[in-house]
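Peer 1: First, the structure itself, so that you have it in front of you.
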Amino acid sequence: MIDDLAQNLLYLTGGAFAAGWLAAKIGSFLGRRWSSAKRDPRDDRIRSIEAELRVTGVSREKLLEELETKKKELSASEARMKEHSATIKEQLAEINKLRVDLKASVRKTDELRNELSDRAEENLRSTCRLRDMETELSVARASTDLMSTGVLDYNIDEDDEEAPEQIIKSVS
């Protein structure tokens, strides 16, 4: 009998548990129907907005990370741009310096070219004067030689036409 009582108690407990579970299921089904009819549509809207907020928060985090990456890239690009700008300024300064040097060199070259042409002209004139002087000197030497040899005689009659021819023949 005691054995039967423990076994009956076990069956009763199992049956009570199954009956409670079945009652809970039926109650929740009826409660859901009743609560869904009473449920405010704003609650659904709030839940959907909360879900959207969570999704937006996740996408916001991703966008913030991308923004940080872009900021770093931008600062690196700005640094490179400043570096390139400084290089360009240096090169422009050097170009301007070279232009000034080139202008000065061209001016000096023109001055030297003018001076050289003046000197060449002066050299040509002096060469011409030297030739004239050499000619005069050779004429003077020839005259002196003729006078010293007595070939050149100024006592020629003015009426004598053959005198110049004789002088030329005697000189040659």
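The values are calculated or read from the model by the stated rules, or taken from the named source; none is laboratory data. As the structure is a prediction and not an experimental result, all values here were calculated from the model. Positions of Cβ are generated from backbone atoms using ideal geometry, with glycine treated the same way; all protein chains shown enter the neighbour counts. Heads up: the accessible areas ignore ligands, DNA and RNA and are worked out on the full protein's heavy atoms, side chains in. Shrake-Rupley method; radii C 1.70, N 1.55, O 1.52, S 1.80 Å.
Peer 1: How far apart, in nanometres, would the label points at residue 112 and residue 147 be if each is projected 7 angstrom from Cα along the Cα-to-Cβ direction?
Peer 2: 5.1
Peer 1: How much length would be gained if the chain were fully extended between residue 96 and residue 16, taking 0.36 nm per residue of separation minus their Cα-Cα distance, in nm to one decimal?
Peer 2: Full-extension gain reported as 18.4 nm.
Peer 1: Considering only protein heavy atoms and a probe of 1.4 Å, how much of the accessible area of region 68-116 is carbon and sulfur, as a whole percent?
Peer 2: Looking at region 68-116 in its full context, I get 58 percent from C and S.
Peer 1: With every protein chain present, what is the per residue accessible area of region 39-145 (1.4 Å probe, Å²)?
Peer 2: Accessible area per residue, region 39-145: 94 Å².
Peer 1: Points 7 angstrom from Cα along the Cβ direction at residue 120 and residue 56: gap in nanometres?
Peer 2: 8.8
Peer 1: Also, I was wondering about something else. Let me know the charge dipole size of region 39-145 about its Cα centre in debye, to the nearest 20, where only the beta-carbon of Lys, Arg (+1) and Asp, Glu (-1) is charged.
Peer 2: 520
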